[in-house]
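Colleague: Quick one: structure below, then a few questions.
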Amino acid sequence: MFHIKNLAIILTTIFFIFILLYVFRGPILIGMGKILVVKDPLSNADIIYLLTGDVTSRPFHAVELYRENYTNTIVVPQHEVNPAEELGIYPNPTEAIVKVLLQKGVNKSDIVVIDFDNGVTSTTDEAIALRRYINKTKIKNVIIVTSAFHSFRAKYIFKKVLKLTPVNIIMSPASHRKFDETNWWKFEEGLIYFINEYLKFIHYLLF
């Protein structure tokens, strides 16, 4: 028989758990953010593989690596073109990335845009596009540039897709303009990004 005393113990325990979570919420949230960020030691590579997505951070980070002479080739997958982009209302993500690279001083001859069926629409597509490029070029070392919070999931996907290739993957994440793993919960965009990454990673594990 369940006694009131037992209920009181359970409720008191739950209460103290919530108190502890509140008191230590900073370190806990920072730790959860750090899990999403993978940053490998940098070394010279055959190419920088620049993932499409956040045009406000990723191409600028790729430019920094290019200027530091880690490689002289930046490869970008062709993103799917939607109807509005076909009308020229706003640029396709790949087109926008290339424009940033050119305006920041990257030589046009050092930029390679690789086709992918009807254009990439996911991280998996981008990994497959890189695998095809590797099979054609026989490159060995690749620096992958993506957003910091995307780097954990991206590395998981790329290692899975490229497991039969001899390529060495080096993750070099680009920091977001507004937040990082130490303060992401203070920004609506950071909260959305954080939740999306965990949900998407769970989706990849299940499907």
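Colleague: Condition first: in a helix (DSSP H, G or I), touching a residue at least 60 places away in the same chain (Cβ under 8 Å) and open to solvent by less than 40 Å² (accessible area, probe 1.4 Å). Now tell me which residues in the range 165-207 satisfy that.
Modeller: Trp184, Phe194, Glu197
Colleague: Check Leu21 against each of (1) exposed (fewer than 12 other Cβ atoms within 10 Å of the Cβ); (2) part of a loop (DSSP other than H, G, I, E, B); (3) at pLDDT below 95; (4) of a type outside the set (Val, Ile, Thr) and name the one condition it does not meet.
Modeller: (2)
Colleague: Working only within the range 28-65, note down all residues that are touching a Leu at 6+ places or on another chain (Cβ under 8 Å), in a helix (DSSP H, G or I) and of a type in the set (A, V, I, L, M, F, W, C).
Modeller: Ile28, Ala62, Val63, Leu65
Per-residue answers, yes or no, for (1) farther than 27 Å from Phe201 by Cβ; (2) in contact with a Gly (Cβ under 7 Å, 6 or more places away or on another chain); (3) touching a residue at least 40 places away in the same chain (Cβ under 8 Å):
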{"position": "Ala45", "(1), (2), (3)": "no, no, yes"}
{"position": "Tyr70", "(1), (2), (3)": "yes, no, yes"}
{"position": "Gln78", "(1), (2), (3)": "no, yes, yes"}
{"position": "Glu85", "(1), (2), (3)": "yes, no, no"}
{"position": "Ile89", "(1), (2), (3)": "yes, no, no"}
{"position": "Lys104", "(1), (2), (3)": "yes, no, yes"}
{"position": "Asp110", "(1), (2), (3)": "yes, no, yes"}
{"position": "Ile114", "(1), (2), (3)": "no, no, no"}
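Colleague: Among the helices (runs of 4 or more DSSP H) confined wholly to the range 79-163, which include 1 or more residues that are open to solvent by less than 10 Å² (accessible area, probe 1.4 Å) and touching a Phe, Trp or Tyr at 6+ places or on another chain (Cβ under 7 Å)?
Modeller: Details: elements: 83-86, 93-103, 123-137, 151-161.
Here the list reads 123-137, 151-161.
The values are calculated or read from the model by the stated rules, or taken from the named source; none is laboratory data. Remember, predicted model here, so these are calculated numbers, not experimental data. Positions of Cβ are backbone-derived with ideal geometry, glycine not excepted, and every protein chain shown enters the neighbour counts. The accessibility values were calculated without ligands, DNA or RNA, using every heavy atom of the protein model including side chains. Shrake-Rupley method; radii C 1.70, N 1.55, O 1.52, S 1.80 Å.
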